[in-house]
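Below you'll find the structure, written out as structure tokens, and then a few comments.
Every read-out reported here was derived from the displayed coordinates using simple, explicitly stated rules and does not represent laboratory data. Fair warning: this is a prediction, and the values are worked out from it, not measured in the lab. Please note: Cβ atoms are built from the backbone with ideal geometry, for glycine as well, and neighbour counts cover all protein chains shown.
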4 protein chains.
Amino acid sequence: MKIEKPVYYGDYLQLPKILNAQVPESSKYGKPAHDETLFIIIHQTYELWFKQILHELDSIREIMGKPFVPSTDLSVINSRLERVTTIQQILIDQIRIMETMTTLDFMEFRDYLVPASGFQSLQFRLVEATLGIKPEHRMEIEKQFFNSRLKPEDRKQLEMAEAKISVFELLEAWLSRMPFSNFNGFDFWGEYSVAVDKMLKQDHEIISTNPGLSDQLRTMELKNLEMTKETFATLLDADKFAAWKAQGKVRLSQKAMFSAVFIFLYRDYPALQMPFKILNSLTEVDEKFTTWRFRHAIMVQRILGTKIGTGGSSGHEYLKSTTERNRTFLDLFNLATFLIPKSITPELPVSIKNQLDIVYDSFQS
Amino acid sequence: MKIEKPVYYGDYLQLPKILNAQVPESSKYGKPAHDETLFIIIHQTYELWFKQILHELDSIREIMGKPFVPSTDLSVINSRLERVTTIQQILIDQIRIMETMTTLDFMEFRDYLVPASGFQSLQFRLVEATLGIKPEHRMEIEKQFFNSRLKPEDRKQLEMAEAKISVFELLEAWLSRMPFSNFNGFDFWGEYSVAVDKMLKQDHEIISTNPGLSDQLRTMELKNLEMTKETFATLLDADKFAAWKAQGKVRLSQKAMFSAVFIFLYRDYPALQMPFKILNSLTEVDEKFTTWRFRHAIMVQRILGTKIGTGGSSGHEYLKSTTERNRTFLDLFNLATFLIPKSITPELPVSIKNQLDIVYDSFQS
Amino acid sequence: MKIEKPVYYGDYLQLPKILNAQVPESSKYGKPAHDETLFIIIHQTYELWFKQILHELDSIREIMGKPFVPSTDLSVINSRLERVTTIQQILIDQIRIMETMTTLDFMEFRDYLVPASGFQSLQFRLVEATLGIKPEHRMEIEKQFFNSRLKPEDRKQLEMAEAKISVFELLEAWLSRMPFSNFNGFDFWGEYSVAVDKMLKQDHEIISTNPGLSDQLRTMELKNLEMTKETFATLLDADKFAAWKAQGKVRLSQKAMFSAVFIFLYRDYPALQMPFKILNSLTEVDEKFTTWRFRHAIMVQRILGTKIGTGGSSGHEYLKSTTERNRTFLDLFNLATFLIPKSITPELPVSIKNQLDIVYDSFQS
Amino acid sequence: MKIEKPVYYGDYLQLPKILNAQVPESSKYGKPAHDETLFIIIHQTYELWFKQILHELDSIREIMGKPFVPSTDLSVINSRLERVTTIQQILIDQIRIMETMTTLDFMEFRDYLVPASGFQSLQFRLVEATLGIKPEHRMEIEKQFFNSRLKPEDRKQLEMAEAKISVFELLEAWLSRMPFSNFNGFDFWGEYSVAVDKMLKQDHEIISTNPGLSDQLRTMELKNLEMTKETFATLLDADKFAAWKAQGKVRLSQKAMFSAVFIFLYRDYPALQMPFKILNSLTEVDEKFTTWRFRHAIMVQRILGTKIGTGGSSGHEYLKSTTERNRTFLDLFNLATFLIPKSITPELPVSIKNQLDIVYDSFQS
């Protein structure tokens, strides 16, 4: 290899472009506001990080889009997801920097920015779309915003991203390809179903005999148990599950959900260690975006109060409403619902164990 | 001074007591669960930090309970509040430690803990009460829990704490004693009212002439502006404000709210620097507890799913509902609503400026 | 299962013991110092977390002490190590809480604590010993401290811990059992040695031809390259390596180091994914304790200055000197030294690849 | 006010420039390395934050450069410093993102970057210079680097920055203008000197009588006490202090140091609350840059090992050596050395108290 041209730090990072991209509007009006620089720079760092997140997600989409996910790529997927969550933690934490700007400081330049708004961040919408948010998951108000506030070329780019296969869809396809519901002749779901019954009976006994419960609490508990029973029944019944899905209570297919449950229950087998890590990292991605949305809404409320903006940003109420929406991997988040204690988890037949195992002993002789 | 007895680290910290207080229930049943130790220890650290927070809040209550808050104690109050928020940040961050425990790990000992529940943390309720949550702010379900789940002696201690004067009440009294609404003959609120009108007119003009707004958005904006107008009218009218208060939309009295607005607007005068810091720190206390509640609810959902517990903890839905409740200093949080830009903030008369100032020049000759 | 006795939150956590273990010395002298409570409580939380870390490390030691580490336990080891690093991050972050105590606040009770000192934390020493710090790694001053400041029973407990097999030793044994240096007839180290030569030649060419280097820098670079060459030569030569080890420049055996390099280079094969994660987590454990020591030393300097304490704590100079000492897994930290680019890493024969792989395709049909 | 032109998010933030400034070198060589994007983006975020820090420091320099620092600007200075430390915390925390890049990932593009290096970050050097690092504080190796590695125009800009008056110098001038050493006829330093003697005598007594000290420790302690005595003697003697300064053991003038001690001891008086906050924030700035340097050095060691780079970055050994150098406000950091307990701090005469006070009672009638 021959290096043709020496590389210098500033040129490499294109600092002249990066560091000359802060032009406060307040200065244009002859009333420079000290804090506008912060406002610009923090948003620029957010956009840089969004670009990095897209870079990671796109590469994951490429790997998972192969007919078979290569075994040596599983750790790559997971490392990149862990990088995404590490970045997300910084996105959350650096809200503290924004909060060093008080309302009065913000008021000095706020009016000049009409109608700019964070809603117009194309990249954030691309991240959502890449993860798996489709137009049908959006609130009406969001769609309106996209129509009225996004530039036509941005809207088009978003629509193209929404049309592509998402990380969610690839995950579902990957999980659906797995054969765990009836694995080499082992009827796992039959056995799981038996175990669930056993667990629910045990729960019933605990509630019935627990001397710490008042009659009122006991009645409530027993009612709750009936609901839990129904939840499991829905998981295990194709028609009920389909109805759930139709109602939007779940996004994954029943088959994919089965595989996810299987992976969680037998996560310690070498073949499932990395798949488990991946599901966990996606759960973390979901959790961190949810947390970011919440912290962001709170910060907006603190700086803007409940006043409604001249630029039409209807503010933190909208933001809070999105906290619980737009959660692509909520199914993984709620997976805990379907887990059963180790003590009653069906033992796998030796032949299946062997398939999921690597004989490390041969390395340790 | 004479040291009578040497002090040793372990004795001083009473480590034999502290480090022998972890007795897993699962071990009593002969099925020791590895993660139960974590579960015990993390809750114990939470309780230690709650004790520390109470220690700080109690000392603040003592200082603010004096007929006049001594000028040299203002920085003490603020330092202690900043300590509280520093602790709160750790309370939030260490949820990550809890999240290293997976659902399956938790299931190994969960059933043994019935009906123990974080609801029974007396100290957390004392923190809420000390800050200013009274029984009338509680949700019905919370009161029921206190009746059914708290031990009688704990319930009594909570009732005593609720009966005491809270940090919120002391803050209100302190702000109400301030004379800023009509300060030494200067009719601040008259001037403020004029400035608000000016600002609203300006907003009207911006919305009307802004070429970036579609007709639809413009109409929406003008409607929003009417609402903003009404909000200010409510602040400035004693009867309307009283109606607001009766509806629970605001907790501070109108007089206290006036002082808070005054402090925010003229925060840079030496006499107001520390009061501003204190208001800000209380806002932060509120923000951080809100964030903690949210993160806690999310963590519970992740570990428990939507399944309803055998111990009757109805889980994360209840927890989420408290995120927006129990916000003692929400008024300070929403104060941004009533601020006006520096450019139209009424100039204070020299005599008042002098009263709010310290002539530092004399130190710098 | 039958729950025999209801469990209550406060009893379960033994809160009466935990929350009554704060007895300020300053109160005994009739001069209660407000901040002494913080000082006690923060140290108690540290001790609780140390106990949790020991709980995790002990369980890891048990697993790794088996003749063969079961394949299904690798993820358990790693999860527990990740928990340890998550706790360590909080140990670092909560130093901020300590820093809310100023020098003057500390001075109000400091003299009463003589000669208590953090040096006397037995558990911290047990953590070090469990990880792998033996008496021969200690500085002379530390040993003196242990003799003069630790209670005899604590000293004995530490000696017993030092005599036990440590996580470091178990790691070394595990790595040494691996057959990768000459794996099923594949002479990996021969191939690696060839690749290293190739890399060093390439480096030589880059330095020689890079137009961005001045003559002076080029000369310096070439000299550096000679040193790098020597480093690799040492790794690959049993005698030189032994000399290195004797000088304390490296702690792992040559064989163990080989395996670690192999795992890092081929980390994406399913059989090596979890071993790689484990090595990485141990690196992180080392990094975080190093960071903690540094932050701790800085905090002590900030609160105590350079003044030497009446209790004999010679303060931050000693603390800083331990930052770079007592690094059990420094070898893993420095492993980067021996890695080579993917492009020249020897391709594994198919038979070996198969041994390291899991055929996931069979799951994805 | 009339908004002439609508402002859109993407244009306002100049996103086309910002988001098209990532051009990996590896792609130019036809071997695109996935992680190079991260490497570019994280450095760009660092540079954006450095720009923001410079923006804050420059504004502080402007305020402090006035003949008298206006009393209403003290809180502005402090808020901006607190913003700087909030940013610094993110600079430290986001090192975790960099650490998601492993050595092997870095090796895929490292060789293409020769001789680019973080040493060439002009802005970081400007931050150092603005804070107060002058050429005479630099290590020889740093100066050499500047000569050989910085572009001539960057070197010139750095020299210009070094020639300007720094925040350190402005702080020293501000502190020196304060009259506290002999304030309105009150001989503070005489009284302080008496108090110090008293404290040292007390320390002597404690050491002599403390039953917890062995003879050996007692002897050591008494020797330490002699050193402490000497330290105080140096502070109080103009000639000895000058000698200290000449040796580089201290940077502030004796007069400035006196004022700083005065402010720390009487920090709760309204006139000193904000000056105390400012000194504290500067201490924090120093602490956080020191921590950042340390974490950065550790990260470099982890990714590069001890191998010396082809680009001449001699790596983490150099970086570690700067951790303790380049500490502009080390004097404030070490100020704890000169503080004395409240119980023996000289009581201020009423006339001086009044000067330092604001009569808040008049606000609270």
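For region C:198-208, the Karplus equation 6.51 cos²θ - 1.76 cosθ + 1.60, evaluated at θ = phi - 60°, returns couplings of 4, 4, 5, 5, 4, 4, 4, 5, 4, 5, 5 Hz by residue, with Gly and Pro reported as x. Each residue, B:Trp244 and C:Gln216, gets one label point 7 Å from its Cα in the Cβ direction; the gap between the two is 6.9 nm.
With label points defined 7 Å past Cα in the direction of Cβ, position B:Gly190 shows copy-to-copy spacings of 5.4, 9.0, 10.1 nm, given to one decimal and shortest first. If you bin all the Cα-Cα distances of the protein assembly as shown at 20 Å, starting from zero, the percentages per bin are 9, 35, 40, 15, 1. Among the residues of D:116-125, the average count of other protein chain beta-carbon atoms within 10 Å of the residue beta-carbon is 3.
With everything on Cα atoms, drop me the angle between helix D:140-149 and the longest principal axis of chain D, reported from 0 to 90° to the nearest 10. Around 30 degrees separate the two axes.
Sites listed here are chymotrypsin sites (Phe, Trp or Tyr not before Pro) in region A:47-83 whose DSSP assignment is loop and whose Cβ has at most 16 other Cβ atoms within 10 Å: A:Phe68.
In nanometers and ordered shortest first, the copy-to-copy spacing of the C:Asp237 label point, defined 7 Å from Cα toward Cβ, is 5.7, 7.7, 9.3.
Among the trypsin sites (Lys or Arg not before Pro) within region C:1-53, those in coil by DSSP and having at most 12 neighbouring Cβ atoms inside 10 Å are C:Lys2.
Couplings 3J(HN,Hα) for region C:104-111, derived from phi with the Karplus relation 6.51 cos²θ - 1.76 cosθ + 1.60 (θ = phi - 60°), are 4, 4, 5, 4, 5, 9, 4, 5 Hz, where x marks Gly and Pro. Coupling constants for region C:80-93 follow from the phi torsions by the Karplus curve (6.51 cos²θ - 1.76 cosθ + 1.60, θ = phi - 60°), and in residue order they are 5, 5, 5, 5, 4, 5, 5, 5, 4, 4, 5, 4, 5, 5 Hz; glycine and proline get x. Projecting 7 Å from Cα along the Cα-to-Cβ direction, the label point of D:Glu140 sits 3.0, 7.7, 8.2 nm from its equivalents in the other copies, listed shortest first. The rotation axis bringing chain C onto chain D passes closest to the chain C residue reported with its distance as C:Phe294, 3, by C-beta distance in whole Å.
Could you compute the FRET efficiency for B:Ile165 and A:Met227, with r as their C-beta to C-beta distance and R0 at 56 Å, rounded to 0.05? Between B:Ile165 and A:Met227 the formula returns 0.80. The alpha-carbon of C:Lys223 sits under 13 angstrom from the alpha-carbons of these aspartates and glutamates, leaving out residues fewer than 8 places away in its chain: C:Asp203, C:Asp215. Taken as Cα centroids, region C:92-156 and region B:73-117 sit 26 Å apart, rounded to the nearest whole angstrom. The calculated FRET efficiency for B:Ser343 paired with B:Glu140, based on their beta-carbon distance and R0 = 45 Å, is about 0.40.
Loop sites by DSSP among the GluC sites (Glu not before Pro) of chain D, restricted to those with at most 14 other Cβ atoms within 10 angstrom, leave D:5-323 as the longest stretch without any of them. When the helices of the protein assembly as shown are scored as -39500 (n - 2.57) per DSSP H run of n ≥ 4 and the total is divided over every residue, the value at 222 nm lands at -20000 deg cm²/dmol. On a 0 to 90 degree scale, rounded to 10, what angle separates helix A:122-131 from the longest Cα axis of chain A? Between helix and principal axis, roughly 10 degrees. Applying a DSSP loop filter and a limit of 15 other Cβ atoms within 10 Å to the trypsin sites (Lys or Arg not before Pro) in region A:111-169 leaves A:Lys164. Compute the separation of the alpha-carbon centres of region D:3-65 and region A:183-203 and state it in Å as a whole number. So the two Cα centres are separated by 55 Å. Can you figure out the FRET efficiency of D:Val359 with D:Lys198, using R₀ = 56 Å and their beta-carbon distance, to the nearest 0.05? Rounded to the nearest 0.05, the efficiency is 0.95. The mean number of partner chain beta-carbon atoms within 10 angstrom of a residue's beta-carbon across peptide B:91-103 is 5.
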